[in-house]
Amino acid sequence: MSPNFDQLPSALRKRSSLEKLGSSAAPALLVPPESPGSTPPPLVIWMHGRTAFKELDPGRYLRFMRGGIATCAVDLPGHGERSDPRLQTSEHVLEVVIQMVEEIDGILRDAVSILGCDPDRVGIGGMSAGGMATLARLTQPHRFKAASVEATSGNWSFQTQQPMLQSSRTDLADEWDPIEHLDRWQEIPLQAFHCKADEWIPFQGQETFIKTLRNQYRNPELIDWMTYDQTGTLHEHVGFGPHAADVKERQRDFFQSSLGINPERT
């Protein structure tokens, strides 16, 4: 077991397993629901941010586990169990995001099989770089029924002067920038959280993305846009400070609703 796994709360550690998924053997933390029902459970694929690792956020996974949702939390390329310090630097964020997007389908296939999940009730989400991978993946054909992202953006033009993308090739960023490919976006429930003071992912970029997407939706109420003025966290980007528990609970409720779970039965 990895040292990060050993630090998980015992309630989570007892039910979890570490697996290598997809053709890239991506390290993943798999967590089945605490109280399995008579039908295959839904699944959420979750991706962390830069310099983090899949075991970092047990509070999120415990809420999913106790709420009837299976979790597959993945180490981004170059992170966690596949650590590569070069890929954890800001100038390689786009490289990491693109590789993660290309790995998602194989990871999803294996996670559904191992956990015995319903392949027609799958959600996806991520924070920061993991959120960028989420939104980029959703501009391609997919079977996801809902998505939730935090402190991220689907409009990368606002980040070209920020550390995360300032060293990236402009043509490559444009090729993968979600806002440039919304003609391929499926109308699914989307939840997004952001701090207006975020120093790493400009608020204006994600706000523009959300407004553009809402204008495209036949039912714009499917998009839940939650914002905070300040959080007191590092660079106003890493987590949501006093709002963190509320964010996780809203996210659990969102996925329960979107993936067909009645909380009273979990």
Item checked: Enumeration of residues in the stretch 214-243 that are assigned to a helix (DSSP H, G or I) and closer than 18 Å to G59 by Cβ -> L234, G241, P242, H243
Notebook entry, point to check: On the given criteria, is L62 surrounded by fewer than 23 Cβ atoms within 10 Å (Cβ to Cβ) and either at pLDDT below 95 or touching a helix residue (DSSP H, G or I) at 6+ places or on another chain (Cβ under 7 Å) (or both)?
Noted result: yes
Notebook entry, point to check: What residue, of D110, D118, is acidic (D, E) and in a helix (DSSP H, G or I)?
Noted result: D110
Next item on the list: Would you tally the residues in the stretch 1-33 being in contact with a helix residue (DSSP H, G or I) (Cβ under 6 Å, 6 or more places away or on another chain), without any contact (Cβ under 8 Å) to a residue 60 or more places away in the chain and not hydrophobic (A, V, I, L, M, F, W, C)?
Entry: 2
Notebook entry, point to check: When you go through (1) on the phi > 0 side of the Ramachandran plot; (2) touching a helix residue (DSSP H, G or I) at 6+ places or on another chain (Cβ under 8 Å) one by one for A197, which number turns out not to apply?
Noted result: (1)
Notebook entry, point to check: How do the pairs read when you match residues in the stretch 220-238 that are under 22 Å from S258 (Cβ atoms) with residues anywhere that are of a type in the set (G, A, S) and in a strand (DSSP E or B), using Cβ under 6 Å and keeping only pairs 6 or more apart or on different chains?
Noted result: W225/A192
Checklist line | Selected residue [part of a loop (DSSP other than H, G, I, E, B), closer than 20 Å to D253 by Cβ and of a type outside the set (D, E)] from S24, S35 | finding: S35
Next item on the list: Note down all Cβ pairs under 7 Å where the first residue falls in the stretch 244-257 and is under 18 Å from V122 (Cα atoms) and modelled with pLDDT of 95 or more, the second is among the hydroxyl-bearing types (S, T, Y) and crowded, with 16+ Cβ neighbours inside 10 Å, and they're at least six residues apart or on different chains.
Entry: Q251/S148; F254/S148; F255/S148
Next item on the list: Please specify each residue of the stretch 123-162 satisfying the condition of being small (G, A, S), in a helix (DSSP H, G or I) and surrounded by 24 or more Cβ atoms within 10 Å (Cβ to Cβ).
Entry: A129, G130, G131, A133
Next item on the list: Filter the stretch 160-180 down to residues that are in contact with a helix residue (DSSP H, G or I) (Cβ under 7 Å, 6 or more places away or on another chain) and at pLDDT 70 or above and give me whichever is nearest to F255 (Cα to Cα).
Entry: P178
Item checked: Criterion: in contact (Cβ under 8 Å) with a residue 12 or more places away in the chain, part of a strand (DSSP E or B) and within 14 Å of the chain's Cα centre (by Cα) - qualifying residue of V97, V44, V101 -> V44
Notebook entry, point to check: Within the bounds of the stretch 72-92, is there any residue that is under 22 Å from S257 (Cβ atoms) and among the hydrophobic types (A, V, I, L, M, F, W, C)?
Noted result: yes
Next item on the list: Sort out which residues of the stretch 73-94 are in contact (Cβ under 8 Å) with a residue 40 or more places away in the chain, under 18 Å from the mean Cα position of the chain (by Cα) and over 23 Å from V112 (Cβ atoms), and write them in order of number.
Entry: V93, L94
Item checked: the stretch 16-59, residues that are at pLDDT 95 or above, surrounded by fewer than 16 Cβ atoms within 10 Å (Cβ to Cβ) and closer than 23 Å to L259 by Cβ -> S17, G59
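The values are calculated or read from the model by the stated rules, or taken from the named source; none is laboratory data. Source: prediction; values computed, not measured. Backbone-built Cβ (ideal geometry, glycine too); neighbour counts: all protein chains shown.
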